[in-house]
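Everything on this sheet refers to the single structure shown next.
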Amino acid sequence: ALLGHYGRVPPPSELLTPARLAAVVKQLRGAPPDGPPAMASVAGHPCYTGLFDGVVSMMGALMAYGPGADATLAALQAGWGDALINLLHGTPGRPGPLAELSPRGLQQLLVALQRVALSDPDSAKLLSTDAVLPTLMLMLGERHMGMLRQWPDAWGGGRFGVQRTVTGVLELLQLPLNSVAGADGTDAVAAPAGFQEALLRENAMALLVPALDALQDDSLLPPVNLVSRLVLSSTAFATQFVTAGGLAPAVMQRLLQDTNPPAVLVDVLLVASQLARISKDGFNTYEAISRAAIYPHIRKLLVHPDPGVRARVCNLIGNMCRHSAYFYSALDRAQLIQPLIDRCADGDKSTRKFACFAIGNAGFHNASLYDKLKPSIGSLVALLQDEEDKTRANAAGALGNLVRNSSQLCGELIRAGALRSLLDTALT
């Protein structure tokens, strides 16, 4: 009971002796090698409690004192981290030690493993090995998810049990991934050797995309962030994502609801933008993005209160227009041009930068949108004096693209003082 007050009441000193801590590890080795769960012989079927539930819960509670705490260090020294990770070591065709955990016990194990990994970098690396990763991925599989949905809510099942399990697994999968700054300002991924390759072998996206259906609101943060980081790291993951139905209308429209947390929206927009950016003959994503029918969502997100969302949706439009004029008519029909132009006067500097980028690409391939882009000229000229070098460069490029395919807007550029402003920009 005292462990329920971790952080306020220190754990009993008698628990932290090497002998007691070692005895706890031995408790996790007491499972029968095969056959039904041990507790089934006592409680019958269905058995709502696993043999290891109590000890795993207690271990997680002790580890909750946090990295560097005496209790945590003593537990790790006694081999608690390895003992918990070893529960994930399975043998094909055999139930293994996880059979001695109920769904609620499994969720407690996932929490305990996260605390171990946060306290011990070596344990975090072990979670990414071939001995452990397949087991974690199986937890996200449809068979396990289906059985968990049918399990009683009060005993770790149902909708909330699925959410807790999915979130726990995905938080563990995130731990080996370290963010590093990418060339475009987004996060790139630095992972232990072989980790991303292992995720590819396990066809991770085929499990991550369906897992999104079980989650909503803040619970979407871990899977969407993991998907975003992987898609941005590799075309192979991007291909898996599309193949798994990540661009299906139902998926994209739900993820781009303006009521979702801004962090979720930013990650989804990063995914969509990356897919548009890397579209090519052998991997054409434009058609799939178009079929997702997200234009009404883009319109709402252009006026979203969060500046990060506004910036990323402008970037998405820019990448949708990066390689061809494929989306020009759709952007016009969806009445997205004027809301995009309005973002040139946004109070957020990143939003202004990406708005210029999008307008420039919307005029690059042909002159079909020149008439609708005409109102942007005044704003683009003003942005030649912007504080950001990249915004000034994007604005200059956009003005050049508005006369690239036709002389239609030359007079308007002259009247707006574009020539003088461009010259001043070049000379400063």
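The values are calculated or read from the model by the stated rules, or taken from the named source; none is laboratory data. Quick caveat, the model's predicted, so the values are computed rather than measured. Note that we place each Cβ from the backbone using ideal geometry, even for glycine, and neighbour counts take in every protein chain shown. We work out accessible area using only protein heavy atoms, side chains counted, and drop any ligands, DNA or RNA first. Shrake-Rupley method; radii C 1.70, N 1.55, O 1.52, S 1.80 Å.
List of remarks:
- When the chain is described by a simple charge dipole with +1 on each Lys and Arg Cβ and -1 on each Asp and Glu Cβ, the residue from Pro296, Gly246, Pro103 located farthest towards its positive end is Pro296.
- Bins of 20 Å from zero: percent of alpha-carbon pairs in the chain: 23, 44, 24, 9, 0
- Ranked by how many other beta carbons lie within 10 Å on average, peptides 315-326, 248-259 from highest: 315-326, 248-259
- Placing pseudo-labels 7 Å out from each Cα toward the beta carbon at Thr259 and Arg159 gives an inter-label distance of 1.2 nm.
- Note on the chain: helix-only mean residue ellipticity at 222 nm, from DSSP H runs of 4+ residues weighted -39500 (n - 2.57) and normalised by residue number, equals -16500 deg cm²/dmol.
- Whole-percent carbon and sulfur share, accessible surface of the chain, 1.4 Å: 54 percent
- Cα-Cα pairs of the stretch 286-428 separated by more than 17 Å (percent): 56 percent
- Estimated at 0.36 nm per residue, the fully extended path between Thr235 and Asp82 surpasses their Cα-Cα distance by 51.6 nm.
- Selected from Val309, Val242, Val55 as most flexible by GNM, with the chain as the system and alpha-carbon contacts under 10 Å: Val55
- Largest GNM mean-square fluctuation among Thr351, Thr285, Thr129, using the chain with Cα springs under 10 Å: Thr129.
- Descending by average beta-carbon neighbour count within 10 Å, the peptides 337-348, 156-167 line up as 156-167, 337-348, the highest first.
- Relative contact order of the chain: 8 percent, from C-alpha pairs under 8 Å at least 6 residues apart in sequence.
- A simple rule links phi to the HN-Hα coupling: the Karplus curve 6.51 cos²θ - 1.76 cosθ + 1.60 with θ = phi - 60°, which for the stretch 194-199 gives x, 5, 5, 4, 5, 5 Hz, with x for Gly and Pro.
- Residue-count net charge about Pro176 - beta-carbon cut-off 12 Å; Lys, Arg +1, Asp, Glu -1: 0
- Note that the stretch 155-171 has calculated 3J(HN,Hα) couplings of 10, x, x, x, 4, 6, x, 4, 4, 5, 5, 4, 4, x, 5, 5, 5 Hz, one per residue in order, obtained from phi through the Karplus relation 6.51 cos²θ - 1.76 cosθ + 1.60 (θ = phi - 60°); glycine and proline are x.
- In a simple Cβ point-charge model (Lys, Arg +1; Asp, Glu -1; nothing else charged), the chain has a dipole of about 720 debye relative to its Cα centre.
- 3J(HN,Hα) along the stretch 212-224: 4, 4, 7, 10, 7, 6, 5, 5, 6, 4, x, x, 5 Hz, from the Karplus curve 6.51 cos²θ - 1.76 cosθ + 1.60 with θ = phi - 60°, whole Hz, x for Gly and Pro.
- The amide H of Thr17, built 1.01 Å from its N in the peptide plane, has no neighbour under 5 Å, considering only residues 5 or more places off or on other chains.
- Paramagnetic label reach from Ala248 (point 7 Å along Cα→Cβ; backbone nitrogen cut-off under 11 Å): within the stretch 194-214, residues 209-213.
- Taking Cα atoms only, the orientation of helix 418-427 departs from the longest principal axis of the chain by about 60 degrees.
- Peptide ranges 289-295, 168-174 listed from the most packed, as the mean C-beta count within 10 angstrom indicates: 168-174, 289-295
- Per residue, in Å², the accessible surface of the chain once ligands and nucleic acids are set aside, probe 1.4 Å: 45 Å²
- On Cα atoms only, tilt of 389-401 relative to the major axis of the chain in degrees: 50 degrees
- Rough spin-label spacing in nm, given labels placed 7 Å along Cα→Cβ, for Ala334 and Glu14: 6.7 nm
- Comparing Lys125, Lys26, Lys353 in a Gaussian network model of the chain where C-alpha atoms under 10 Å apart are linked, the largest mean-square fluctuation is found at Lys26.
- Principal-axis tilt of helix 307-320 within the chain, Cα atoms, nearest 10 degrees: 70 degrees
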